[in-house]
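Every number in this text was worked out from the coordinates using simple rules, so none of it is lab data. A quick note: this is a predicted structure, and the numbers were derived from the prediction, not measured. Heads up, the Cβs are rebuilt from the backbone with ideal geometry, glycines too, and the neighbour counts pull from every protein chain shown.
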Amino acid sequence: MRIGQFFIIIFITGLYACRPDYQDQLYQIAHDAGIPLIQVAYAEGNRTVFYEISTVKELESGEDYSAVFQAASLSKPVLAYIVMRMAERGEIDLDSPLGAYTDMERFDDKEYASQLTARKVLCHMTGLPNWASSPSSLDWPVSRITFRYRPDSVFSYSGEGYAFLQRAVEQIQGRGLEEIALAEVFIPLKMNASSFLWREEYDSLAVSGFSRSGEDKGKGSFPRANAAYTLRTTAPDYIKFLQALSRGTGLSEQTREEMFRPVVQAVRYAERPRECDAHIFWGLGLGIEKHPQLGEVVFHWGDNGSFRALFLIVPGKRMHRQRILVYFTNSEAGHDIIGDIAALFLKNSKALAIHDWVVLK
């Protein structure tokens, strides 16, 4: 369907379309924010609708949600899901020191490092910085890590924590992250476009990211698979993962509930508490907002600079009434639209605190 100078692809699965008429609104939201390309998936029960909208050019006829985006930190819940499956099989103990599974050489404070567990990593209670140095730099694997806080003392969002947990998982399974993810997630869930490593087809399918001023920042390249930020995927692929996660596919009911249960209040900047922090918590690998209209909304955001993404899982009284929304953008402005896109699909009149929690510094 052509509307003006842009091209929109829509595909609906299930018996009936769930809100299939949002293409004009999505175009306007993305256009007003200066986002060149947005890909959206929304599921309500067993009904799913997809959108891929360009605001700057006409998409070629025949493209079918084929654009591949950097998922950024939407990578993290994939590792969390893998770890919880391993814990159920007795391969990892969530409360045992990760130093029992892998080395602690990069940490300056070995006493603090010896206190780190999978559980502390998943709920961001490690006391670690986000990164010790740029994780895509050549020297990152040997860079020194200095703790910002005592472990288990405050919420401290950390990619380094996930990288440490990844090393433990790789040591336990005796194989790399990509091979593990294929076996545990991508192949079982038929996520055929997803990978933590660059694939040959990404030469044509991966999209470039853009700054707010419209500067092309390129497709980006990562020297190694990193569970905290290097996943590339599509909205149709990633919503398969979210549907499996929300249903507890491959997990016991107890484990699924544990992941979705608030553990710690997520004060994002420990020295500067904000009003929005009062509504945000963290479970095992997942953020949770306690919202007066929508209930406990599970979320995660992704920010790789010129690629920004978000997912929301809204509970229902019955599992089949859960609502799931995920979007990917190739723009630094990708988080400006959190409130607008959430309200479009979820019809909440009270804004989500997630928007301020992610956007406000």
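Using a ≥ b ≥ c from the Cα gyration tensor of the stretch 177-306 (square roots of the eigenvalues), is it rounded, prolate or oblate, where a/c under 1.5 gives rounded and otherwise the larger of a/b and b/c decides, a/b for prolate? Oblate, since a/c reaches 1.5 and b/c is not below a/b. When each of 48, 255, 230 is scored by the number of other beta-carbon atoms lying within 10 Å, the sequence from fewest to most is 255, 48, 230. With a simple spin-label model that places each label point 7 Å from the Cα along the Cα-to-Cβ direction, the separation between residue 88 and residue 200 comes to 3.6 nm.
Which GluC sites (Glu not before Pro) in the stretch 241-337 pass both tests, a DSSP loop state and at most 13 other beta-carbon atoms within 10 Å? Passing sites in the stretch 241-337 are 271. Qualifying trypsin sites (Lys or Arg not before Pro) in the stretch 246-331, where qualification requires a DSSP coil assignment and no more than 13 other C-beta atoms within 10 Å, comprise 317, 318. Taking P(r) over Cα pairs in 20 Å bins from 0, in percent as calculated from this structure, the corresponding entry among (1) 27, 57, 15, 0; (2) 31, 61, 9, 0; (3) 27, 60, 13, 0 is (2). Which shape class applies to the stretch 227-288: rounded if a/c is under 1.5, otherwise prolate when a/b exceeds b/c and oblate if not, where a ≥ b ≥ c are the square roots of the Cα gyration tensor eigenvalues? It comes out oblate by the Cα gyration axes. For the stretch 77-177, the Kirkwood estimate of the hydrodynamic radius, built from every pair of different alpha carbons, is 13.5 Å.
Its DSSP H runs of at least 4 residues, each contributing -39,500 (n - 2.57), put the calculated 222 nm mean residue ellipticity of the chain at -7000 deg cm²/dmol, to the nearest 500. The phi torsions of the stretch 142-147, fed into the Karplus equation with coefficients 6.51, -1.76 and 1.60 and a -60° offset, translate into couplings of 10, 5, 7, 10, 10, 5 Hz, rounded to whole numbers, with Gly and Pro shown as x.
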